[in-house]
Amino acid sequence: MMLLRGATLRRLCAFSVRPFTTAVDVGSRPAEIEGVSAGRDSSEVTRYRSFRESNRSRTRARVEGQLHSFLRSRDNEPWSQGPPREAYWLLRSCGSDMILETMATRMELANSMWEEFQKRAPLSVGMYNTLLQVYLQNEHRFDPAHFLEEMEKAGVLPNQGTLVGILSCCCNEGDIEGATKILDQMRSLDMEINENIYASLITGHCRRGDMENGEGMLKVMQENGLCPTATSYAALLCGHADRGDMDRVEQLLEEMRERRVFPSVGVYASLLDRLSLSGHSDLLPRALDLVPDKQLVYNDLYDLACKCTVRRDNKGTLIMLRCLATLVPRTTNMQLGAILIRAMASQGRMLSEMMVMVAELQGLGFGNHVYEEILHSLHTRHDDRDQAMADALSVLQDMLRHGVIVKEHYFYPNLAYYAEKGDLEGAVEGVALMKEAGLKLRRMSFRYLLQASREGGVASESDDFVGDMDRLLAHIKGTPLMLSLVNEVSVFLLDRGMFARAVERLTSVTSEPIDLGPILKAIKNGVNHSKVVDIPGLVSVYVALHSLPSNPDLSRSVAITTSILVQTSPDLAKQFIEELSGNGVDPGEHAYHTLLHSYATPDTVKEFHAMMKCLQSRGLVLRPSIHKQMLELAADLGDPVRAGQAVSAIRRSGQRLSATAFSRYIVANAKSRRIGTALELYERMRSHDLRPSYEAMNHLMVELLRWGDVHGAENMRRDLEEMGYFPGLVLRNAFLGAYSRRDMSKALQEFEALKTAGFKPTAYSYNELMTGYSLHGDTESIRNLFDELQREGIPLDRSLVSRLFDAYVAKGDIDGGLSLVEEFPSLPPHSSSLMAAMQLSLEAGDEEMVGRVRTKMNEVSGEKNTNNMMFFGHLRAGQVTQANKILETEGFSLNSRDLVTFAVDLKRKRKRGEVYAALELLRDKGHHLGDTTSVAWLRVYDILGDIESALALKEELTSAGHTLSDDFLSRLESITTRSHSQTGARERQL
C-alpha cells in the first residue's frame with residue numbers, strides 16, 4: 001500500500017476529528033447487560049429501538065427513491081458550502097444498517113451514489129471518511145493508495161479520521177504490515193492511539209489466523225497505559241467466533257467479568273452476527289445461552305433474523321425466530337414474517353422453500369401477511385407468467401385450507417391476466433375459487449370475466465354490458481356462477497333504474513336463493529338517481545322478489561324506497577304504495593307512516609287527514625309520532641279540534657302528555673281565539689309543574705291583550721320572566737298596542753323599555769304607538785314620530801298614514817284627514833280609516849262630507865267595496881232605509897270580512913239586535929247562499945254564540961240543494977264541539 005508523505009501527515013495534525021468507527025461496531029449501544037443492567041435507562045433503550053426499527057424499512061429501492069428525490073430537490077445547486085447533511089445520511093445508509101440487502105448490493109448502490117455526488121463537487125473530507133466507513137461495514141476490498149490519490153486529485157486533504165479508516169480497512173483484510181506502518185506514522189505525528197485502534201489491530205491478527213498475537217494486543221494496550229474495554233474484547237470474541245471456537249469465547253467472557261469489563265449489547269450482537277456470517281449457525285443456540293438478558297438484545301435478534309435470511313442461512317433464521325417467539329413485545333413481531341418472505345422472494349427463492357418457511361413462521365406466531373408477500377412476488381414476476389399464476393392459485397387454495405382470511409382483491413391479478421389472455425376457463429376457475437371462499441363477488445370480478453369472454457370470442461366487442469353478460473350466462477349455464485351472474489346483471493339494471501328489464505332476469509331463477517343485499521341496494525340507487533321513476537316497473541321488481549320461495553321481508557326496502565319517492569313527490573310515493581298493495585305485496589307499517597309524515601304540512605293538511613282515516617279504516621295502529629305530528633300541524637293552523645283529537649289519541653296510546661305537547665295544544669287554542677280553554681290548559685300545566693314553551697305563553701298573552709285582559713297578560717309576563725324567558729319583539733309590540741289604547745304613559749314606558757332591551761323598533765312598533773295618539777286626536781305627536789321614522793331610515797307605509805288620518809277624524813277634522821290623500825298620494829289611508837270618517841259624517845248628517853269621503857273611498861277601494869262599507873255604515877248609524885237602498889243597488893256583492901267585522905263591533909257595543917236585523921236584510925236578498933258568505937254567516941253565529949241558528953243555516957242550505965264545503969263543515973263541527981264543552985263545564989260547575 002502507498003504510505004502518506006511526511007508533509008501530508010504533518011497537515012493531518014491540524015485536524016481534530018472524532019475517532020473512526022472500528023470494524024466491530026459496538027461503541028454506540030445504549031447500556032451494558034451485566035453490572036449496570038438493573039439501573040439501565042429505559043428511555044435510552046426506547047430511543048435506540050426506534051432508531052433500529054427504521055433500519056428494517058431501508059431497501060435498495062427505498063434508498064434509491066430517496067436519493068432521486070434528494071437530487072431533484074438540489075438540482076442545479078452547487079455544494080459551495082459543502083455537502084448537505086442529507087448526502088451524508090444517504091451514503092451512510094448503504095452500510096450495515098441496510099439489513100435487507102446483501103453486501104454486494106449495498107456497495108453497488110454506494111458506488112452509484114458516490115458517482116452522483118462527485119458531479120456536485122467539491123466533496124468534503126467527511127464524505128470520504130463516510131465512504132471509508134461504508135467500505136468497512138460491507139467488507140469491501142479496495143486499494144488505499146488509489147483512494148488517497150482520488151482525494152488528492154479532488155483537492156481534499158485527509159485527516160486523522162481518514163488514517164484511522166484506512167488502518168481499519170487494512171486490519172479487516174488481515175494486512176497487519178500495512179496497518180503497523182500507518183500506526184508508526186501516527187505515533188511519529190503524536191496522534192492519539194486509543195482503544196478503538198487497538199481493537200482494529202486485534203481484528204487484523206484474528207483475520208490472519210494469528211490468535212496468539214491477537215490476544216497479545218491486550219497486554220500491549222496495558223503496557224501503553226490503556227485498559228482493555230468491551231470493544232477490545234469484542235474484536236477478540238469475533239475472531240474466535242470466525243473459527244467456531246466457542247470454548248475460548250466462554251473463557252474470554254468469564255475473563256471479562258473477572259476484570260469488571262461487562263459485555264455490552266453490541267458485544268453479544270457482534271458475536272452472534274460473526275457466527276452466522278462464518279457459517280457456524282449450529283453454534284448460535286450455545287451463544288444465545290451466554291446472553292443473560294435476551295430481552296435487551298431483542299432488536300439485534302430481529303435484525304439478525306433478517307441478515308440470516310439475506311445470507312440464505314435458513315437455519316440461523318429459524319434459531320433467531322424461535323428465540324424471538326419467547327420474548328416481548330410481540331406487537332413488533334407482527335410484520336417480521338412478511339419482511340423475511342419479501343427478502344426471500346426478492347432473491348428468487350423457490351416457492352416450495354418459501355412455503356416451508358411460511359409453515360415455520362405460522363407455527364411461531366409470525367405468520368401475519370406472509371401469504372400476501374408470496375402472492376405479490378408471484379403476481380409481479382415477469383418470467384414464466386403462466387406458472388406464476390398457477391402457483392398463485394395454489395397459494396390461495398393453501399390459504400383457504402389453513403383458514404387464512406382471503407380478500408377479493410387477492411384474485412384480481414390472476415383474473416386480469418386471464419382476461420388479457422382471453423382464458424375464460426381460467427377466469428371462471430378463479431371466480432369459482434372466490435365463491436368457494438365465501439366472498440361476495442363485486443363488479444370488478446365480473447368485468448374481468450366479461451373481458452376474458454370477449455377476448456375468447458364468447459361475447460361481442462360492443463359496449464352492451466347486459467347483452468354480453470346474457471351471452472356469458474348462456475355459456476356457463478348450470479355452473480355455480482350462474483346465479484351470481486344473474487345477480488350481477490340484475491344489480492346493473494336496477495342501479496340504473498331499468499326495473500322492467502331487471503324483472504326478466506330475476507324471474508328466470510326464482511327457484512334459486514338470490515343474494516338480496518346488493519339487489520335491494522341497487523333498487524335504492526336506481527330510485528334515487530332516476531329523473532323519472534318507472535313506478536309500474538319498480539312495483540313489478542318487488543312483486544318478483546316477493547314471489548321467491550324464501551318469502552323475504554321487503555318492508556324495510558319498501559320503506560326506504562317510499563322515503564326517496566316522497567322527496568320527489570308524495571303523490572308518486574302514494575301511487576307506488578297503492579300499486580304495491582294492489583299486487584298482493586304488503587308495503588309494511590313503516591312505509592305507510594313515511595308517506596303519512598310527508599303529508600304533514602299546512603299545504604297538504606286535507607290529504608294528511610284523509611290518509612289517516614284511510615289507514616285507520618284498514619286497522620293500522622298509528623304510531624304516537626303521527627299523532628304528535630298531527631298536534632304540531634293543528635297548532636300551526638290554529639285548529640283546536642284536530643289538536644284535541646291528537647291529544648286524546650296520544651293519551652289512549654298510554655303516553656303522558658309532555659310539556660311540548662301541552663304547549664302546542666295551548667297554541668292551537670290561542671290561535672283560534674279559544675282563550676278560556678288555553679288558559680285552563682296553562683293552569684293545568686303549572687299545577688303539574690310542567691314548563692310551558694315560550695311560543696305558547698307568547699300566543700296566550702297576545703290573545704289576552706287582544707281581548708283587553710291587560711292585567712292577566714301582565715301576570716303571565718311576570719311568570720314568563722321568572723321562568724327565565726326573555727320577552728321578544730312581537731310580545732313587546734303587543735303590550736305596546738294594548739297600553740297605547742288605554743294609558744299612553746305606560747305605552748311610552750314600554751316603547752323605551754323595548755329600546756333598552758336591545759330591540760330596534762319596527763314600523764309595526766311605531767304603528768301601535770301612533771294608534772294611542774290617534775285615539776286622542778294627537779296629530780302633532782304622530783307627525784313627530786314621522787320625523788323620527790325618517791331619522792331611523794324606516795319608510796312610511798299606508799298603516800302609518802292611516803293612523804294620522806284616524807287622529808284627524810278623532811278630533812273631528814275630516815278635511816285635515818282628506819288633505820293627507822294629496823300629501824301622500826302613493827299611500828292612501830286604509831278603507832277602515834275612510835269608513836270611520838264616513839261613519840262620523842253619516843251620524844252628523846253632513847251629506848256634502850259623505851259625498852267627498854265616498855269619492856275617496858271609490859278611488860282607494862273601488863265602488864264594490866265602498867257599497868259594502870256604506871251598507872254597514874248606515875246600519876251602524878241606524879239608517880236602515882239608506883242601507884236597504886244600497887242593498888238594492890245593481891251589482892251589490894256582500895264582503896264576508898265586512899260582515900264579520902260588523903258583527904264583532906256591534907257585539908262589543910252590546911247591540912246584538914242590530915246584527916240580527918242586518919242578517920234579516922241580507923237573507924231577504926239571498927246573500928247567505930254562497931260558499932264564502934255561508935262560512936262568514938257561520939262565523940257571525942259563532943260570535944253571537946247562536947248554535948241553533950248555525951244548525952238551521954245548515955239545514956236551509958242543504959234543502960236548497962247547495963253542496964256544503966269542507967271549510968263550512970269543519971267550522972260547524974268546531975262550533976258544535978265548543979258549545980257542548982261549554983255546556984258540560986256549566987253543568988259541572990252546577
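Extending 7 Å from Cα along the Cβ direction at ASP967 and again at ASP289 yields two label points whose distance is 10.7 nm.
Counting Lys and Arg as +1 and Asp and Glu as -1 over every other residue whose Cβ lies under 13 Å from the Cβ of PRO602, the net charge comes to -2. Distance from the C-alpha centroid of region 97-119 to that of region 381-411: 34 Å, rounded to the whole angstrom. If every alpha-carbon in region 204-281 counts as one equal scatterer, what log10 I(q)/I(0) does Debye give at q = 0.19, 0.22, 0.26, 0.27 1/Å? Per q value, in the given order, log10 I(q)/I(0) is -0.77, -1.03, -1.36, -1.43. Using C-alpha pairs under 8 Å with a sequence gap of at least 6, the mean separation divided by the residue count of region 518-664 gives a relative contact order of 16 percent. Between region 699-740 and region 227-292, the alpha-carbon centres lie 96 Å apart. Past 23 Å, Cα to Cα, is the threshold; run LYS521/LYS574; LYS811/LYS856; LYS628/LYS671; LYS524/LYS628; LYS407/LYS524 against it and keep the listed order. Beyond 23 Å: LYS524/LYS628; LYS407/LYS524.
If TYR764, TYR88 are ordered by their accessible area, calculated over protein heavy atoms with a 1.4 Å probe, which sequence runs from highest to lowest?
Values: TYR764 125, TYR88 55 Å².
From most exposed to least exposed: TYR764, TYR88.
Excluding GLU589 itself, what net charge comes from residues whose Cβ is under 15 Å from its Cβ, given Lys and Arg +1 and Asp and Glu -1? Before the final figure, lay out the partial values.
On the way: positive: ARG556, ARG618, ARG623; negative: ASP553, ASP586.
Residues near GLU589 contribute +1 overall.
Translational diffusion of region 69-218 was estimated from the Stokes-Einstein equation, with Rh taken as the Kirkwood radius over Cα pairs; at 20 °C and 1.002 mPa s the coefficient is 129 µm²/s. Using θ = phi - 60° in the Karplus curve 6.51 cos²θ - 1.76 cosθ + 1.60, the 3J(HN,Hα) couplings for region 794-810 round to 9, x, 6, 9, 5, 5, 5, 5, 5, 5, 5, 4, 4, 5, 4, 5, 4 Hz; x is entered for Gly and Pro.
Tell me the carbon and sulfur percent of the accessible area for region 639-773, rounded to whole percent, probe radius 1.4 Å.
Carbon-and-sulfur percentage of accessible area, whole number: 50.
What the Cα convex hull of region 640-687 gives, in volume per residue, is 61 Å³.
Over the Cα atoms of region 355-419, each weighted equally, I'd like the Debye log10 I(q)/I(0) at q = 0.18 Å⁻¹, rounded to two decimals. Debye curve over Cα of region 355-419, log10 I(q)/I(0) at q = 0.18 Å⁻¹: -0.65.
For ARG322 and ILE193 in the same chain, what is the full-extension length gain: residue separation times 0.36 nm, less their Cα-Cα distance, in nm?
Values: separation 129, 0.36 × 129 = 46.44 nm, distance 4.22 nm.
Contour length minus Cα-Cα distance gives 42.2 nm.
Using per-residue counts of other Cβ atoms within 10 Å, averaged over each peptide, order 181-190, 612-621 from highest down. All intermediate terms of the calculation are to be shown ahead of the outcome.
Working: 181-190: 15.2, 612-621: 11.7.
My ranking of the peptides, most packed first, is 181-190, 612-621.
Normalised Debye scattering of region 652-760 at q = 0.14 Å⁻¹ gives log10 I(q)/I(0) of -0.56, counting only Cα atoms as equal scatterers and leaving out solvent.
The alpha carbons of region 244-359 give a radius of gyration and a Dmax of 15.2, 51 Å, in that order. Rounded to 0.05, the FRET efficiency of the SER653 and GLU86 pair, given R0 = 56 Å and the Cβ-Cβ distance, is 0.15. Stretched out straight at 0.36 nm per residue, the stretch from ALA753 to ALA500 would grow longer than its current Cα-Cα span by 84.2 nm.
The values are calculated or read from the model by the stated rules, or taken from the named source; none is laboratory data. All values reported here derive from a predicted model rather than from experimental measurement. Positions of Cβ are generated from backbone atoms using ideal geometry, with glycine treated the same way; all protein chains shown enter the neighbour counts. For accessibility, only protein heavy atoms count, side chains too; no ligands or nucleic acids. Shrake-Rupley method; radii C 1.70, N 1.55, O 1.52, S 1.80 Å.
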